[in-house]
Each structure stands twice: as C-alpha cells, then as structure tokens.
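The values are calculated or read from the model by the stated rules, or taken from the named source; none is laboratory data. Remember, it's a predicted structure, so these values are computed and weren't measured experimentally. All Cβ positions, even for glycine, are placed from backbone atoms using ideal geometry, and neighbour counts span all protein chains on display.
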Amino acid sequence: MAFKLAVVSQVEKGELTYKQAQQQYGIQGRSTVLVWLRKHGQLDWAKGPTMSRAKETPEQTIKRLEQKLRDTEDLNLIYHEMLKRIDQECGTSYLKKPLLARQAL
C-alpha cells in the first residue's frame, strides 16, 4: 500500500506521468496506475489521465510555468543571436544600444 501511495503522490505532484511511473517501476498492467490514482489519488481521475489546468496542483503549475519561462528565455536568446549575426554579416544596426546593454547584465 505504501508503494501505491508513493507512486500516486509522484504522479499527482507532476514528477512523473502515469506511463512513466509504469515504466520506471516495472508495473505490468496498462491501467494499474490509473486505477491506483482513481482509488487513492487526491485529484479527479474519473475522466481519464488528462487534467485541466484548473485542476493542476500548485507544484504542477509551478513546474509548467518554470518550463514556459525557460522556453521563452531560450527563444529570446535565439532571436538576439540572430539579430547580432545579421548585424555582423550585413553591416546593419538592428540591435539598439539598450538591448546590448541589457545583455551585459
């Protein structure tokens, strides 16, 4: 029972998906973890494994937003590097001084 509750806790915290939990712990049944979630979980798993964002746990929301922030920062860096390369290769000045000053921070 402790093992089941530990797996359920990991899935509901967003540390693993139910499929990842099955693979990681070698759980044979395709729906075993879902049954555990429906029986012992704190979230509403009656409609299936997908949860709406309104029913996310605070930990899941934080992880999702942190990932979204990292993705946005990466995209910003890519755009900045593209503009820098365009400036170098074409002799243009798309990058303004305030943008360059921000990068030095």
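So the values come out like this:
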| read-out | value |
| --- | --- |
| Residues that are within 15 Å of E12 (Cβ to Cβ) and in contact with a helix residue (DSSP H, G or I) (Cβ under 6 Å, 6 or more places away or on another chain), drawn from the stretch 58-94 | E59 |
| Pairs, first under 16 Å from W45 (Cβ atoms) and free of Cβ contacts under 8 Å to residues at least 12 places away in the same chain in the stretch 1-26, second surrounded by 12 or more Cβ atoms within 10 Å (Cβ to Cβ) and β-branched (V, I, T), C-beta under 6 Å, six or more apart | Q22/V33 |
| Search result, residues across the stretch 1-25 that are under 16 Å from K63 (Cα atoms) and hydroxyl-bearing (S, T, Y) | S9, T17 |
| Residues of the stretch 1-42 satisfying the condition of being on the phi > 0 side of the Ramachandran plot and surrounded by 12 or more Cβ atoms within 10 Å (Cβ to Cβ) | G14 |
| Where a residue in the stretch 39-59 is over 16 Å from L5 (Cβ atoms) and assigned to a loop (DSSP other than H, G, I, E, B) and its partner, wherever it lies, is at pLDDT below 80 and not hydrophobic (A, V, I, L, M, F, W, C), with Cβ under 7 Å and at least six apart | D44/K55 |
